[in-house]
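Notes to accompany the following structure.
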Protein chains: 2
Amino acid sequence: MKLTQDQLDQFETEGWLLLPELFTPEEVDLLRREAVAIYDEQRPEVWREKDGAPRTAFAAHKYNEAFRLLGRHPRMIRPVEQVFGESVYLHQYKINAKSAFTGAVWQWHQDYGTWKRDDGMPEPRAMNISIFLDEVMPINGPLMLVPRSQTAGDLEASHDLETTSYPLWTLDEKTVTRLVEQGGIVAPTGKPGSMLMFHGNLVHGSAGNITPYPRKIVYLTLNACSNHIRTPTRPEFIAHQDFAPIQCVDDDALAKLARSGQKAAA
Amino acid sequence: MKLTQDQLDQFETEGWLLLPELFTPEEVDLLRREAVAIYDEQRPEVWREKDGAPRTAFAAHKYNEAFRLLGRHPRMIRPVEQVFGESVYLHQYKINAKSAFTGAVWQWHQDYGTWKRDDGMPEPRAMNISIFLDEVMPINGPLMLVPRSQTAGDLEASHDLETTSYPLWTLDEKTVTRLVEQGGIVAPTGKPGSMLMFHGNLVHGSAGNITPYPRKIVYLTLNACSNHIRTPTRPEFIAHQDFAPIQCVDDDALAKLARSGQKAAA
């Protein structure tokens, strides 16, 4: 698993890259089943929308074997190491639900703004990764990205505690309009198992989902080890403090677990 | 302007039909400018979202010359007369804003349910028409249709007075899921000036719009004259009571008005 020069160039210029169907249906089916089971649990790591539907589950690698293996999977880790030229560790690990019918909006934001302000991350040398557990379609609330906005730096933002159940540093309409005039908007779609990677300063958001199609994604942040956070203020299950380089599992580790048929619980 | 047999068949089977770029850029530019001017007016026909952004303007044909001409335009009227085999009148006339950044959701519903319950319309022999004033894209809250759901009849619905500023008879999740399993979802997109027609019993809805791209559409209901409403309960500017057949203007009436450069006000 090595990115080509064209892929590296696209990431450098546009700030994002899609790797279609990087994980197999067998691997994704396992992860999807485990995600649903996790959402059914009542635990502090599982956050819900105002109506009770799951919104996001944090740190599933700590309590679920399938997600533990995914968090160390070479097909995900190696490309990011390649971009940064060094080892990476797991800064954040979420399973975002965007539930059928009720999936709520994520307003326009940059992630690095939050990592800097809340976690004390020195540089935007952390990569956002989205792994599609369901098919991501134009109609079920895909992530929308503003290409090339990663070059705009760390933009002024205000802390929105009201719109949804998840506090977020969001951008104002004038800023988003200006960046979209320059770069447009893309909403990468694809089959389950596809992986989207994008720059920590890339402006993104997603609309609500009113369709019967859920749009679960695993949403991880892989931080360059040298760029580890300095002044964490958020709980450990949100912004991890284990800065040791990720040791990859074997490429077939998830597939083996799926075939073992055993319940994947740590 | 005559629909082909293929177009008639598609409407009959699928319940909807898109006529791309039916109106010219010159005609649509005029309508778009006039729509913005109407939204700036404070009048009872202009309804707003909870945050003050315009949601819909009713009955603009009664106070705006450009929209008066559109409401009698042969490119819009003739195809509907062809489908119904008789004259039509204007049952409802809205300009829906779906504003940039703040455009709100329309939950899943059928329109005929409202026309029957609130207006006493005997049969679903009224046609929904959407004329795109802005480009309709996958990302700016397009109408989503459930193809073939028009054959499901008048489905049980509950009156939602809470979700948005506009009361609506909405369908439950189980019903929508069943119909989508059968027919899927389409979200027709297109350039300004395109016209979408769909059956009064076709299930439809639209997600919010968080992009900087507004998605204004003119949304009309043309009712077969013989099917005029019997027991109106809503204000005249919402459910019209002039049941006289529409007399079309000339095909170039809107273009002439655009060229005249005069302010289009009745």
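The values are calculated or read from the model by the stated rules, or taken from the named source; none is laboratory data. What you see is a predicted model; the values in this text were computed from it and never measured. We place every Cβ from the backbone using ideal geometry, glycine too, and count neighbours over all the protein chains shown. Side chains included, ligands, DNA and RNA excluded: accessible areas come from the protein's heavy atoms. Shrake-Rupley method; radii C 1.70, N 1.55, O 1.52, S 1.80 Å.
Here are a few things to note about the model shown:
- Complete set of residues in the range A:8-57 that are under 20 Å from residue A:221 (Cα atoms), out of contact with any helix residue (DSSP H, G or I) (no Cβ under 7 Å at 6 or more places or on another chain) and without any contact (Cβ under 8 Å) to a residue 40 or more places away in the chain: A:10, A:12
- Within the range B:170-183, the set of residues being part of a loop (DSSP other than H, G, I, E, B) and surrounded by 18 or more Cβ atoms within 10 Å (Cβ to Cβ) comprises just one member, B:171.
- Scoring residue A:44 on the criteria (1) in a loop (DSSP other than H, G, I, E, B); (2) in contact with a Ser or Thr (Cβ under 7 Å, 6 or more places away or on another chain) leaves a single failure, condition (2).
- Sole exception among (1) under 21 Å from residue B:192 (Cα atoms); (2) buried (at least 19 other Cβ atoms within 10 Å of the Cβ) for residue B:7, by number: (2)
- Within the range B:226-242, the residues that satisfy the criterion of being in a loop (DSSP other than H, G, I, E, B) and farther than 26 Å from residue B:23 by Cβ are B:228, B:229, B:230, B:231, B:232, B:233, B:234, B:235, B:236, B:241.
- All conditions in (1) away from every other protein chain (no Cβ under 14 Å); (2) under 30 Å from residue B:8 (Cβ atoms); (3) of a type in the set (Lys, Arg) hold for residue B:98, with the sole exception of (1).
- Taking the criterion of being farther than 25 Å from residue A:126 by Cβ and aliphatic (A, V, I, L, M), the residues of the range A:29-80 that qualify are A:30, A:36, A:37, A:53.
- Strands (runs of 3 or more DSSP E) contained in the range B:83-164 and holding at least 2 residues touching a helix residue (DSSP H, G or I) at 6+ places or on another chain (Cβ under 7 Å) and open to solvent by less than 10 Å² (accessible area, probe 1.4 Å): B:88-96, B:126-132
- Selection within the range A:229-245 - open to solvent by 60 Å² or more (accessible area, probe 1.4 Å) and of a type in the set (Phe, Trp, Tyr): A:243
- Residue among A:93, A:112 that is in contact with a His (Cβ under 8 Å, 6 or more places away or on another chain) and either free of Cβ contacts under 8 Å to residues at least 40 places away in the same chain or more than 21 Å from residue A:9 (Cβ to Cβ) (or both): A:93
- Scanning the range A:197-223 for residues that are assigned to a loop (DSSP other than H, G, I, E, B) and closer than 27 Å to residue A:24 by Cα, we see that the one that is nearest to the other protein chains (Cβ to nearest Cβ) is A:212.
- Selection within the range B:184-200 - open to solvent by 10 Å² or more (accessible area, probe 1.4 Å) and in contact with a helix residue (DSSP H, G or I) (Cβ under 6 Å, 6 or more places away or on another chain): B:192, B:199
- Complete set of residues in the range A:161-174 that are within 13 Å of chain B (Cβ to nearest Cβ) and free of Cβ contacts under 8 Å to residues at least 24 places away in the same chain: A:162, A:172, A:173, A:174
- Within the range B:197-222, the set of residues being under 30 Å from residue A:175 (Cα atoms), aliphatic (A, V, I, L, M) and within 12 Å of the chain's Cα centre (by Cα) comprises B:217, B:218.
- Scope the range B:101-121; condition polar (S, T, N, Q) and within 14 Å of chain A (Cβ to nearest Cβ); matching residues: B:102, B:107
- Residue within the range A:202-209 that is among the small types (Gly, Ala, Ser), in contact (Cβ under 8 Å) with a residue 24 or more places away in the chain and over 20 Å from residue B:211 (Cβ atoms) present: no
- Each residue in the range B:47-66 was checked for being crowded, with 24+ Cβ neighbours inside 10 Å and either touching a Pro at 6+ places or on another chain (Cβ under 9 Å) or assigned to a helix (DSSP H, G or I) (or both), and 2 of them qualify.
- Count of the range B:67-82 residues which are open to solvent by 10 Å² or more (accessible area, probe 1.4 Å) and over 19 Å from residue B:27 (Cα atoms): 2
- Only residues that are more than 26 Å from residue A:183 (Cα to Cα) and more than 12 Å from chain A (Cβ to nearest Cβ) were counted across the range B:181-191, and they come to 0.
- Residue satisfying condition, being more than 16 Å from the chain's Cα centre (by Cα), closer than 26 Å to residue B:76 by Cβ and more than 11 Å from chain A (Cβ to nearest Cβ), within set B:149, B:158, B:194: B:149
- Cβ-Cβ contacts under 7 Å between residues 6 or more apart (or on different chains), taken from a first residue in the range A:122-139 that is within 14 Å of another protein chain (Cβ to nearest Cβ) to a second residue that is surrounded by fewer than 24 Cβ atoms within 10 Å (Cβ to Cβ) and assigned to a strand (DSSP E or B), are listed as A:136/A:190; A:139/B:144.
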